[in-house]
Amino acid sequence: MTRTAFINARLLDPATKLDAPGALLVDGEIIADLGPRLFHDAKPADAKIVDCQGLALAPGLIDMRVFTGEPGSEYRETLASASRAAAAGGVTTMIVMPNTDPVIDEPSLVDFIKRRAAATASVRVLPMAALTRGLAGQVMTEMGLLMEAGAVAFTDGDRTIANARIMRRALAYASTFGALVVGHAEDPDLVEGAAANEGEFATRLGLPAAPAMAETIIVERDVRLVELTGARFHFGQVSTRASLEVIAAAKARGLPITCGVSAHHLALNELDIASYRTFHKVKPPLRSEADRAAMVEGVAAGIIDVIVSSHDPQAADTKRQTFAQAAFGAVGLETLLPAALGLYQSGHADLLDVLAAMTTAPARILGLDGGRLAKGAPADIVAFDPDEPFVLQADTLHSRAHNTPFDGRRFQGRVHMTYVAGARVFDRATATDV
Amino acid sequence: MPELNDSPILLNRHLLGIDGLSVGEIEGLLDLAGDYVALNRAPAKKQALLRGRTLINLFFEASTRTQSSFELAGKRLGADVLNMSVRTSSVSKGETLIDTATTLNAMRPDILVVRHQDSGAAELLARKLDCSVVNAGDGSHEHPTQALLDALTIRRRRGRLDGLVVAICGDILHSRVARSNIGLLSKMGARVRLVAPRTLLPAEAARWGVEIFTEMKEGLKGVDIVMMLRLQLERMAGAFVPSTREYFRFYGLDREKLAHAKPGALVMHPGPMNRGVEIDSAIADDIEVSVIQEQVEMGVAIRMAVLDALARGLPREGRNAP
């Protein structure tokens, strides 16, 4: 067994609210020990030493919303290229969406993702399977068999099931197996053809736009359907203040509902579209500043459970278009941590609370073992400097696609090393991907 | 033999459901049916009890075993039996049904056996007709003779209903067989469990005083009787369950799941079976556990008992119809 001792670290564990200088010992694939007193008196003789030089050591991030192009659009992103981006961003577990070609709606395809990931990806990859066949919103998938194959949840990704009767049955069926359903909240008829958030700004730009209410209408509906069926439900990402009010009320009533927000919607608003920059065209669209501020408050107040990258690689063919015609989506794996840390930098949320939304919270919702620094936990670790400033340069991204809305943005908070199951998968010092 | 006895068993002119029956009426029917089982096994099966009486089988839904079972029961008791299969379009059903009732009434039948795709159809006919009406299945509401024949089968095998644990598995939502069985078994002191995915459980099912299970192995743990229900073809492909293979994996009765039931537990199915969907052929055909064929035999005896019991309440001379 390989033993690695991380010394001179700042231990950050959201699960136990630990924030203290200390050390951590990895034995093989698990965390063997950690604490402020560990190796205080003597360095371990039989372990490889990693001197963290004061870097923060936190549980590796769990990103609940990653789109890739594998299978079907490997030119945009493969599981391998996405995993390199993840490792560089401190993400040690990617939950990949079923929106591929073919759609992940068969047990054999769940198995394909798992096997491809095991063979090619440097971080952990867990697939969500489709909630309806072909993401068509009509026929529910074989949730029992898909769970047995390894699907961690069911979702139609960035599509909303328009038919409430089908949604109700899918939720009822999912509840049979205690399965988690992840919903996307955008009324498909209201947002058809829309490229931006309806309001003064979109009006001035002359962009086809949909009202923010298109999201809240579906949030309200799905909350009621959860009430009816008892299914475990997670809104993949929300973006409006009104949606948060509905979700907060649902949580207060004890419904099994959680929600996420993308780092983009925490860091950007509709004004960032500026002169029709298509890399800022995301789904749901960037909202008003009031809505963005509400997202930040939502994370701080714990109404929003998780922060996701909503990583969605797009190539020139789909983005080098007019704003109306361009595809939705932005890459985000490598900017998830610094963009989320903006909440800590600005004083809106505690460092541990921001980290919890990317570690303990997704682990709890998905029933995963990771997301914590604890004896016996998987040795998935990120070493980062929460305050180090840098300027993001799109061409340095590890993702195969470079459609980031953050090119040239000044961030604080930089990943230096990433470990998955005790093995180093990223090291900024050597700038190599192991 | 039963034909000499005419003490009343049923307090109602019709048999529309288990809901209106008392424990005494149910026991009376089961006792009487027990006599008919013996009769049906004798070489000379024909009785004169219903001689001169007219029995009409009015079936708006295709049925092989229920219809032939009633036909045989009527004929063995000496009645004239007319089978009417009515192919209806799905539109204007209510109007057609009342028109049909008026027409039939003019033919002066004594007993009408009716099956209809809509709940409440038998009750509607009972209000409009002068004869006795037997519900042979109305929509998702009741199928009383099925529950009675199931009870007879169990009672003959186990000697009692009281205290037994019965798991009813499958499409409870659409099943009239389930509703009648839940009613009858509960009245007779059996403990009923329902096993189904949430999509096939009716709202507020727990209000029936039954235990609900979505995990079949758990639901079958220690049960005396496993009642499987038929999954209608149109409900298999995605609307209520995603596929037949998934349904069989989680809700199909196979050896592995049956092993959780009490040793020697009986397996029942109202038929017709979907082999490899709700039941494994190896179990359906295993005479050690499956009583499915016996249910068919008990079906004829139960229907004879029902016709006998209703005939006891029919007017003897003339009719006071207008």
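Label-to-label distance for B:Ile287 and A:Val391 is 8.9 nm, based on points extended 7 Å past Cα in the beta-carbon direction. What does the charge count near A:Ile95 come to, summing +1 for each Lys or Arg and -1 for each Asp or Glu among other residues with Cβ under 13 Å from its Cβ? Local net charge: +2. Beta bridges per DSSP, both residues in the stretch B:93-208: antiparallel share near 10 percent. Note on the stretch A:239-371: dipole from Cβ charges, positive end direction compared against A:Phe323, A:Thr258, A:Pro338; the farthest Cα belongs to A:Phe323.
Anisotropy class assigned to the stretch B:182-275 is oblate, per the alpha carbon gyration tensor with a/c at or over the 1.5 cut-off and a/b no larger than b/c.
Taking chain A as a Gaussian network, where each spring joins two C-alpha atoms under 10 Å apart, which residue of A:Glu297, A:Glu388, A:Glu289 fluctuates the most? Comparing A:Glu297, A:Glu388, A:Glu289 in a Gaussian network model of chain A, the most mobile one is A:Glu388.
Sort largest first and round to whole Å: the equivalent ellipsoid semi-axes of the stretch A:17-70, each the square root of five times a Cα gyration tensor eigenvalue. Please list the in-between numbers first.
Values: eigenvalues 161, 43, 21 Å².
Sorted largest first and rounded, they come to 28, 15, 10 Å.
Under 5 Å between amide H atoms, partner at least 5 residues away or on a different chain: which partners does A:Gly183 have, H built in plane at 1.01 Å? Under 5 Å from the amide H of A:Gly183 lie the amide H atoms of A:His234, A:Phe235, A:Gly236, each far enough along the sequence or on another chain.
Would you mind working out the magnitude of the charge dipole of the protein assembly as shown relative to its Cα centre, with +1 at each Lys and Arg C-beta and -1 at each Asp and Glu C-beta, to the nearest 20 Debye?
1780
Working ranking of peptides A:41-54, A:262-275, A:234-247, B:96-109 by packing, defined as the average number of other Cβ atoms within 10 Å per residue, highest first, is A:234-247, A:262-275, B:96-109, A:41-54. Positive-end ranking of B:Ile168, B:Leu184, B:Ser290 along the dipole of chain B, with charges on Cβ about the Cα centre, is headed by B:Ser290.
Per the Debye formula on identical point scatterers at the alpha carbon atoms of chain A, with no solvent, log10 I(q)/I(0) at q = 0.07, 0.12 Å⁻¹ is -0.31, -0.94. Based on Cα contacts under 8 Å between residues 6+ apart, chain A shows a relative contact order of 19 percent. For the stretch B:1-62, the normalised intensity computed at q = 0.21, 0.25, 0.27, 0.28 Å⁻¹ comes to -1.13, -1.22, -1.22, -1.22 (log10 of I(q)/I(0), Debye sum over alpha carbons, equal scatterers, no solvent).
What FRET efficiency do you get for B:Asn83 and B:Ala48 if R0 is 25 Å and r is their Cβ-Cβ distance, rounded to the nearest 0.05?
Computed FRET efficiency for B:Asn83 and B:Ala48: 0.70.
Taking all Cα pairs closer than 8 Å and separated by 6 or more residues, the relative contact order of chain B comes to 20 percent.
For the residues of A:172-182, the average number of beta carbons from a partner chain within 10 Å of their own beta carbon is 4.
Calculation over all alpha carbon pairs of the protein assembly as shown in 10 angstrom steps from 0 returns a P(r) of 3, 13, 19, 18, 13, 11, 10, 7, 4, 1, 0, 0 percent.
For the pair A:Tyr276 and A:Leu228, label points projected 7 Å from Cα toward Cβ lie 4.3 nm apart.
Here the stretch A:48-88 is assigned +1 on the Cβ of each Lys and Arg and -1 on the Cβ of each Asp and Glu. Its dipole about the Cα centre then comes out at about 60 debye. Could you run the Debye sum over the Cα atoms of the stretch A:363-414, one equal point scatterer each and no solvent, and tell me log10 of I(q)/I(0) at q = 0.16, 0.18, 0.21, 0.29 Å⁻¹, two decimals? Debye output, listed in q order: -0.73, -0.81, -0.86, -1.02. Summed over qualifying helices (DSSP H, 4 residues or more, each -39500 (n - 2.57)) and divided by its residue number, chain A shows a 222 nm mean residue ellipticity of -8000 deg cm²/dmol.
When Rg and the Kirkwood radius Rh are both evaluated on Cα atoms of the stretch B:107-152, their ratio Rg/Rh stands at 1.01. The modelled label-to-label distance between A:Lys375 and B:Glu256, using points 7 Å beyond Cα along the C-beta direction, is 3.8 nm.
Nearest-5 percent of antiparallel DSSP beta bridges in the protein assembly as shown? Just about 35 percent of them are antiparallel. Note that the stretch B:132-143 has calculated 3J(HN,Hα) couplings of 6, 10, 10, 7, 9, x, 10, x, 9, 9, 9, 8 Hz, one per residue in order, obtained from phi through the Karplus relation 6.51 cos²θ - 1.76 cosθ + 1.60 (θ = phi - 60°); glycine and proline are x. The mean number of Cβ atoms from other chains found within 10 Å of a Cβ in peptide B:198-204 is 4, as a whole number.
The residue among B:Ala147, A:Gly413, B:Gln232 whose Cα reaches farthest toward the positive pole of the charge dipole of the protein assembly as shown, with charges on the beta-carbon of Lys, Arg, Asp and Glu, is B:Ala147.
Rounded to the nearest 20, the Cβ-based charge dipole of chain A about its Cα centre (Lys and Arg +1, Asp and Glu -1) stands at 260 debye.
Bear in mind that the values in this text are calculations on the coordinates, not laboratory data. Everything quoted here is computed from the prediction, not taken from an experiment. Here the Cβ is made from the backbone with ideal geometry for all residues, glycine too, and neighbour counts use every protein chain on show.
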